[in-house]
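Computed from the coordinates by the stated procedures, all read-outs in this text should not be read as laboratory data. Just so it is clear, the structure is predicted and the values come from calculations on it, not from any experiment. A quick note on method: Cβ atoms are made from the backbone with ideal geometry, for glycine too, and the neighbour counts reach across all protein chains shown.
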Amino acid sequence: MKAIITVVGKDKSGIVAGVSGKIAELGLNIDDISQTVLDEYFTMMAVVSSDEKQDFTHLRNEFETFGQTLNVKINIQSAAIFEAMYNI
């Protein structure tokens, strides 16, 4: 299973640490990560994977709830969606 995680919100310390901790807690591995601050806004994209099949509804709910604690928006999408769009 591969997925893309995006994080957007007002910049503050601890966002990368918090999100990467949550990713590990949910049993996902970070394969690639990129983050930047645009003006005052933090943005991050990460490619994550797992050897096990994951329930995306559960993952979305976990990241949405956790994002509220950091005051950021966290979204996760299956990489298969992007691969299918590329093949059309």
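Worth a mention:
- Here, the chain is characterised by an Rg to Rh ratio of 0.97, where Rg is the alpha-carbon radius of gyration and Rh the Kirkwood radius.
- Within the shell defined by Cβ-Cβ distances under 12 Å, the residues around THR43 carry a net charge of -1, with Lys and Arg each +1 and Asp and Glu each -1.
- Here the relative contact order of the range 1-65, from alpha carbon pairs under 8 Å that lie six or more residues apart, stands at 43 percent.
- Net dipole in debye of the chain [+1 Lys, Arg Cβ; -1 Asp, Glu Cβ; about Cα centre; nearest 20]: 180 debye
- Every Cα-Cα pair in the range 4-48 was counted, and those over 14 Å apart are 44% of them.
- The count of lysine pairs in the chain whose Cα atoms are under 19 Å apart, excluding pairs fewer than 8 places apart on the same chain, comes to 8.
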